[in-house]
Structure formats: C-alpha cells, structure tokens
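A short write-up of the structure that comes next.
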Amino acid sequence: MTGHRTTLLCVPFAGAGASFFHPWRALAGDRWPVAAVEMPGRERRMLETPYRNVVEAAENEVEGIAATLGEGARVVLFGHSLGAVLAYELVHLLSKRDVHVERLVVSGSPGPWTQRERRAAGLPDEEFLARVEEFAGFRHPALDHPEMRELILPVLQADCEMHENYLPSTDEPVSVPICSLRGDSDGLVTADEARQWRDATTSTFSYAELPGDHMYLVDLGREVLDVIERQGRSGGAPDVSGRVRDVTDR
C-alpha cells in the first residue's frame, strides 16, 4: 500500500472476517483504498488460534499491520463493536510507529471504559448463540449449516469473551478526532454510551445515528462511507440523504 494516500482500515466485529469489508472497496470508489485487518481463526488465517484478549491482539498484530500499510502511511481507522475497541487500541500503537492515524471512527460501541453488563461468554452453545442473536438483532446464515457452524462458533465465542472482558491498556485518551456512529434502534448500545467516546480523545468528537439496529452497517455500507467522507471534509457529519441524524460536535 502507498504511504501517500489515506487508507480506510477496517477492523472486523465479533465473528466477522476481513471479507465483510470487501464490498466497501467498490462503494468507496476513488475516495480511499479500503483495507481490513485479518484476524486469526477466520478466512485466510483459519488454522490460527483466535485471540481472547483485545490488548494482546492489538499488540501482536500491529507490526504486521504497520508493515502492510507501509512507511509513512496515512489511515482512517474504522471499527464496529468489538472492532471499535480493537481499533482504539491500534490507534495508541500505530501512533508510536511511522503510521499517521488521521481519525478513528467507532461504531456500535460504548466508550472504551464501559464494560457490558449483559454477557454471552461462557454460556452453553445454544444459549450463547441465542444471546448473541438477541444482542445483535442478527444471525449469520452460516450458523444454520453444521459444518460452517463448527468453524464459526469457536471464533465467535473467543471474540465475545475478549470483547466482554476488555479493559483499556491505558487511561490516556488518543489525540486523533473520533466520530462515534450508532444505529438509532440499537438495543445493545445506548446513545449516551455511544457518546462516551468524547472522553477518549483530546481532539474533536462527533456523533451520528443511522437507521437500524446494532448491525445497521450490514445494509448501510454506502451511508457509513458517506459519513466518514464528510467528517474528513468538514470535521462534522451533515445529514446524508436524510438518513443520518442527531449529530453533535465538540
């Protein structure tokens, strides 16, 4: 990847792989190259053991990410749910390397110091899946196929454990602008929790809601990218085709 053009680097949510973001490449057009972090236990790294600790995952993966981005790279980091806290940890680490993080866009996540009260980790398989489906308002079709389920379930369980047990590596806020996004009917993350990210940065903060539940981004990739673009141009996220609302800036 070139270091002369800003890359949109996406960090997958629980159970997802880098391929979730492949359609965003076409949706992004010529705005940015879109890349995604590849995590152990899925897709091309399926044979590797998935992480169970967010800070460990970020620390172990950052060198490979920085090398892939290239010397002097400029990035906007995007992460949804588990991906949001992973991206937050990566901002701290990438900023100490020769990677310039322009912005952090977090989605479907309370602030990094807020732990979830309702948990799924440790439940028996069927209860676990029912709880995750209840949380997300979404069930991956592959879970209905026994062979695929056998591959996906351990990764999803590890991801939920690492997310629910997450504690930030530092109390120091980042120095890059943060934009927090949320589905306006998200039953897992409240608007107040999504706004907690204002305390995670010493720079500017903005907040926007898009239509949908916790997994709104499954259907609204283009709208998410439009918000990210407008954030970069103006420091705020104006209404996009009437579908984005409730935006605040610090």
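What follows is calculated from the coordinates using simple rules that are stated; it is not laboratory data. Computed from a prediction, not measured in an experiment: that's the story for all the values here. Glycine also receives a Cβ, built like all others from the backbone with ideal geometry; neighbour counts cover every protein chain displayed.
Below is a table of values for the structure above.
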| quantity | calculated |
| --- | --- |
| Residues whose placed amide H lies under 5 Å from that of residue 73, excluding near-sequence neighbours | 100 |
| Cα gyration tensor shape for the stretch 28-122, rounded if a/c is under 1.5, else prolate or oblate | prolate |
| Positive dipole terminus of the chain, leading residue within 154, 87, 34 (C-beta point charges) | 34 |
| Whole-Hz couplings from phi, Karplus 6.51/-1.76/1.60, listed for the stretch 60-67; x for Gly and Pro | 6, 9, 5, 5, x, 5, 4, 5 |
| Helix-only [θ]222 nm of the chain, DSSP H runs n ≥ 4, -39500 (n - 2.57) each, per residue, nearest 500 | -10500 deg cm²/dmol |
| Which label in (i) -0.85, -1.13, -1.39; (ii) -0.76, -1.05, -1.39; (iii) -0.85, -1.06, -1.25 gives the computed log10 I(q)/I(0) by the Debye sum over Cα atoms at q = 0.13, 0.15, 0.17 Å⁻¹ | (ii) |
| Only Lys, Arg (+1) and Asp, Glu (-1) charged, at Cβ; the chain dipole about Cα centre in debye | 780 |
| Euclidean distance between Cα centres, the stretch 61-93 to the stretch 152-215, Å | 15 |
| Nonlocal amide H pairs with residue 212, under 5 Å, H built at 1.01 Å | 184, 185 |
| Residue order, fewest to most surrounding Cβ atoms within 10 angstrom, among 133, 223 | 133, 223 |
